[in-house]
Amino acid sequence: MGVTLAVGTEKGAYLLRSDEARRNWGLEGPLFKGWRVTTFGEAGDGTHLLATASNWFGSALHRSSDLKEWTQIVDGPAWPEGGDRKLTQIWTLTRAGDILFAGVDEAGLFRSDDHGQTWQPVDGLNEHPTRAAWQPGLGGLAAHRVVVDWADPNRIWVAISAVGVFRTDDGGATWVTKNAGVQRTVDEEELDDIGYCVHCIVQDPADANRLYRQEHRGVFRTDDGGDGWVRIEDGLAAAFGFPITVDRETGRLFVVPLESDENRLPVDGAFRVYRSDDRGDSWSVSGTGHPDAATFTAVLRGAMDTDQRKGIYLGTTAGKVITTADAGEAWTTLPWTLPRILSVRVMQA
């Protein structure tokens with residue numbers, strides 16, 4: 001079985017399709033030429049979703065049954081007209097059975113019970129008691145990651161930058177902050193367990209209570225569902241970065257370190273993917289095939305995904321797509337140079 005990889009860029013979306021071995025690839029696109037494509041998703045009825053954004057026309061959600069013909073969804077996620085919140089971008093689309101969740105900027109969570117046709121705000125999070133103190137990170141005030149517990153769909157984690165991680169245990173009715181053990185990015189004591197610039201979270205496929213967190217302040221793991229976090233950075237060239245992902249088949253973790261907040265570039269121009277085989281206790285450079293020449297490019301938080309059978313896929317801010325079919329033993333840079341890559345998603349097609 002091959003892979004269909006959806007790549008969202010500053011100037012449209014591209015589809016990359018591989019053969020069964022995931023060695024040879026073809027390129028289709030661009031779709032939505034000239035539009036910023038921020039994320040992709042899949043509904044429970046088998047249709048595909050794609051989100052666009054524009055500085056002039058705002059954000060929109062689109063649906064397709066074949067990844068070729070697309071129709072805009074009229075009643076997509078939206079803040080009430082006349083309010084003080086503006087929806088500028090859909091950051092992430094996550095499915096839990098027949099339910100869809102959308103995380104957006106300005107930060108909020110929306111839910112659809114009809115495969116994306118209509119959306120309702122999740123008020124338990126959107127109107128959280130800490131809301132008045134939420135502050136944006138450099139990328140905005142973004143609810144950019146939704147993780148639905150594979151063992152209990154009523155337990156959900158949401159990452160908001162620069163606010164922190166929230167968890168619900170009752171399907172979204174009530175939410176609590178889950179940031180203990182992580183250093184605040186916003187150092188204001190009056191903040192009630194917020195002010196954390198979380199970049200990405202991912203759940204371990206073998207242990208529902210174990211999650212991993214790539215943070216502004218470093219890389220962390222929790223073994224109790226987020227109640228407490230510990231640093232896991234031994235062997236990394238740097239602790240700053242954006243995406244983190246885990247392969248189900250091998251349990252390997254993957255990150256792409258950047259030098260620092262101030263210098264968001266690979267350390268000394270050495271672009272390297274790092275992996276861990278022991279749940280983050282130690283890290284090393286992942287295999288071979290990284291660029292030989294100095295490479296000053298980054299991978300954004302939504303631009304890395306896995307097919308969960310040893311295939312890891314990432315897109316860089318320089319428009320390059322880099323893949324591995326063997327859980328990071330050998331990496332290949334595909335031959336195309338796309339616009340700045342914002343999102344990478346393995347699609348069922």
(message) Give me the count of lysine pairs in the chain whose alpha carbons sit under 23 angstrom apart, restricted to pairs 8 or more positions apart or on different chains.
(response) 8
(message) Please arrange T317, T9, T337 by how many other C-beta atoms lie within 10 Å of their C-beta, fewest to most.
(response) T337, T317, T9
(request) Per DSSP H run of n ≥ 4, the term is -39500 (n - 2.57); total these for the chain, divide by its residue number, and report the mean residue ellipticity at 222 nm rounded to 500 deg cm²/dmol. (result) 0 deg cm²/dmol
(message) Quick check for me: using +1 on Lys/Arg Cβ and -1 on Asp/Glu Cβ, what's the dipole size of region 180-320 about its Cα centre, in debye to the nearest 20?
(response) 780 debye
(request) Taking the Cα centre of region 262-317 as origin, sum charge times position over the Cβ atoms of Lys and Arg (+1) and Asp and Glu (-1), and report the length of that vector in debye to the nearest 20. (result) 160 debye
(request) Could you pull the Cα extents of region 255-349 along its three principal axes, largest to smallest, in whole Å? (result) 38, 35, 23
(message) Run the simple label-point estimate for E329 and E249 please: 7 Å along Cα→C-beta, distance reported in nm.
(response) 1.0 nm
(message) Counting C-alpha atoms alone, how compact is region 122-218: give Rg to one decimal and Dmax as a whole number, in angstrom.
(response) 12.8, 37
(request) Sticking with the crude label model, points 7 Å out along Cα→Cβ, report the distance from S65 to D277 in nm, one decimal please. (result) 4.7 nm
(message) Need one number for region 1-86: average projected area of the convex hull over its C-alpha atoms, nm².
(response) 6.8 nm²
(message) If you average the C-alpha positions of region 3-35 and of region 107-123 separately, how far apart do those two centres end up, in angstrom?
(response) 27 Å
(request) Using per-residue counts of other Cβ atoms within 10 Å, averaged over each peptide, order 76-85, 198-207, 153-162, 56-65 from highest down. (result) 153-162, 198-207, 56-65, 76-85
(request) Just subtract the alpha-carbon distance of D223 and Q120 from 0.36 nm times their residue separation and send over the number in nm, one decimal. (result) 33.9 nm
(message) I'm spelling it out carefully: the read-out is Rg/Rh (Cα atoms, Kirkwood Rh), the candidates are [x] 0.99; [y] 0.93; [z] 1.07, and one was derived from this structure. Which label?
(response) [y]
(message) Out of the GluC sites (Glu not before Pro) in region 173-274, which ones are loop residues according to DSSP with at most 10 other C-beta atoms within 10 Å?
(response) E188, E189, E190, E262
(message) What distance in nm lies between label points placed 7 Å from Cα along the C-beta direction at N55 and H290?
(response) 3.4 nm
(request) Using Cα centres only, tell me the gap between region 311-331 and region 224-294 in whole Å. (result) 14 Å
(message) Under a Cβ-only charge scheme (Lys and Arg +1, Asp and Glu -1), can you give me the dipole magnitude of the chain about the Cα centre, in debye to the nearest 20?
(response) 1100 debye
(request) Apply 1/(1 + (r/R0)^6) to the Cβ-Cβ distance of A318 and D170, taking R0 = 45 Å, and write down the FRET efficiency to the nearest 0.05. (result) 0.55
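Computed from the coordinates by the stated procedures, all read-outs in this text should not be read as laboratory data. Values in this document were obtained by computation on a predicted structure and should not be read as measured data. Here Cβ is always computed from backbone atoms with ideal geometry, including for glycine, and neighbour counts include all displayed protein chains.
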